[in-house]
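Input: a single structure, listed below in structure tokens.
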Amino acid sequence: MLTFLPVIFLGLLFLSVFSSLLLLYSKVSLSFIQFHVGVTLLAPIVALVALVTNNEIIIFGPWRFDSLSWLLALFVLTIGFIVQRYSVRYLLGNHSYRKYFALLTITTSADACVWLSNDLRLLLACWGLTLLGLTLLLRLNKGWVVARKAAKQSGRLFALGWLFLLGALIWLTQSTGHWQLSTVLTESSLAQLDSWEKTCINLLLILAVIIPAAQWPFQRWLLNSVVAPTPISAVMHAGLVNAGGIILTRFSPIFSGDIAQIILLLFASVSVMIGTGIMLVHVDYKRQLVGSTIAQMGFMLIQCALGAYLAAIIHAILHGLFKSTLFLQSGSVLHHSVEKASKKNKSTSNIWSITGGILGLLVVISLWMSSNLEGYQLISALILGWSVSIAWTQLVVLGNGRIGRIAGIVLFLGASIIYHFVHDAFYHMLQEIIPKEGQTPGLAAALILIILLGGSVIVIWLARHRSSSIYVRLYLWLVRLGEPQNNLVESHPKYLTNQFVRGGHLR
């Protein structure tokens, strides 16, 4: 029965796309959308069944079904279903209501097919369709000049990134003589490539992935995408911008051990610092989330540069689930003012802060000592320890009174237990598909360690010298960097007037 799961899955995926196209026919009732959303849930259910019950690698025509492809298809299509279900009422009244559901279904379906493709030509076609669908979703409110300009800018960068990927795959296939991913990446095929050819192909791959991942210096398109409706932002940040780490994981046999890893490390490290800075200095909630995504995608690509592909996949999926949740609830977020604490409360908070720092340090030491003392293991331990310290600060140190801190500790312990089980589940599920450890150049590990330590020292110094000219200039630079361009700002969106005249509304 399991051998029929790919056929059933592809049939249901085609059914959901066909259902979405019916929505474009004006005579089809809007009540059909409820039925369509239910249809989009069928394919991810089959993917879940296949993921749980089938660990075999199945090559079915131009498709490849394994644990990783089932997991990614399940992730993308589930996010798509949740967002579509959320949008049934959220976008009701939008003049592009029908078009939205059709585009979103086609885009998420094409994205799922990218990770199921074994033929590189099919992969290119599906990835191009995904980027095109995302561009059309960004300009969904085509009556708004700002949205059209943002979509045009994004579309140009997406086309450039797709061309880089096209160049890399054509070079790879012409050198190896194969178009099948499972054949191209074998040792015998890669042995036909000279070292300089591998480096050039990897550089093209890097350019192809850092553009959709909104990494420096291509982060502007994601910052401008905040004009898109919130559900589109949720899908984009959850299932599309993290494609870079997934592509590099699929092509890890050619990427690992190459000098291009160091170049990716530099791009990603700069992006982490820029994204974190934008997140900290901006008050606009969606721009804070965008800055966070830029930084998180940088961390994911750093993991790829260090050969930790399994960690990158886990990071991409967990970040996608977390970020989509934040976007969907962004309309109800309120920032509450906090009164100045007394000296007693400040001393108590300092004690809890020190406790969090010690806890993070213990996590670093325990993970490092329990590992094989590989370079990327040390970096992963440092990042996880830093994350533990930040989580402790947010949940416990900033808790309101004794009850708040107790609740924070409970949440912290619960999240730690859940993370442990999720990590183990992913590890056992993907360990046969994803390389456990890539070949990491020693220079790459040394560079990231220097960047982490140097960045920490700089942040601590700036925090203690907030009145310095360096701090002020850096702060204003980050504010300007995260602000929209002048041609992407309207004092009064004229399209809203036309919307209300027609009796519609846009959220």
Any idea what Rg and Dmax come out to for the stretch 232-285 if you just take the C-alpha atoms, in Å? 14.4, 42
Thr355 to Phe32: extension gain in nm, 0.36 nm per residue of separation minus the Cα-Cα distance? 110.8 nm
Probe 1.4 Å - accessible area at His95, Å² to nearest ten: 100
Give me the number: length gained by fully extending Leu24 to Ser188, i.e. 0.36 nm times residue separation minus the C-alpha to C-alpha distance, one decimal in nm. 54.2 nm
The ³J(HN,Hα) series, computed from each phi in the stretch 270-285 with the Karplus coefficients 6.51, -1.76 and 1.60 at θ = phi - 60°, rounded to the nearest Hz and given as x for glycine or proline, is 4, 5, 4, 5, 5, x, 5, x, 4, 4, 7, 9, 8, 9, 5, 5
Cα-based Rg of the stretch 95-167 normalised by 2.2 N^0.38 Å, two decimals: 1.17
Running Debye on the stretch 1-84 with equal point scatterers at the Cα sites and no solvent, what base-10 log of I(q)/I(0) appears at q = 0.12, 0.20, 0.25 Å⁻¹? -0.38, -0.87, -1.18
Set Lys152/Lys323; Lys27/Lys99; Lys142/Lys286; Lys99/Lys152; Lys99/Lys142; Lys27/Lys152 screened for pairs whose C-alpha atoms are more than 23 Å apart: Lys152/Lys323; Lys27/Lys152
Residues meeting the amide H criterion for Trp63 (H placed from the backbone, H to H distance under 5 Å, 5 or more places apart or on another chain) are Asn118
Sort Asp258, Asp194, Asp424 by accessible area with a 1.4 Å probe, largest first. Asp194, Asp424, Asp258
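Rounded to the nearest 20 Debye, what is the dipole magnitude of the stretch 1-108 about its Cα centre when Lys and Arg each give +1 and Asp and Glu each give -1 at the C-beta?
480
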In nm, to one decimal, how far is the modelled label at Tyr285 from the one at Ile259, with both set 7 Å along Cα→Cβ? 4.8
Cα-only radius of gyration and Dmax that characterise the stretch 126-166, units Å: 10.5, 33
Would you mind computing the Rg to Rh ratio of the stretch 180-291 from its alpha-carbon coordinates, Kirkwood style for Rh? 1.07
Whole angstrom only: what separates the Cα centroid of the stretch 44-86 from the Cα centroid of the stretch 114-192? 20
Accessible-area value, Arg220, 1.4 Å probe, nucleic acids and ligands omitted, Å²: 50
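Using a 1.4 angstrom probe on the protein heavy atoms only, could you order Arg148, Arg466, Arg98 from most to least accessible area?
Arg466, Arg148, Arg98
The values are calculated or read from the model by the stated rules, or taken from the named source; none is laboratory data. Just so we're clear, the structure is a prediction, and the values are computed from it rather than from any experiment. Virtual Cβ from ideal backbone geometry, glycine too; neighbours counted across all protein chains shown. Only protein heavy atoms, including side chains, enter the accessible area calculation; ligands, DNA and RNA are left aside. Shrake-Rupley method; radii C 1.70, N 1.55, O 1.52, S 1.80 Å.
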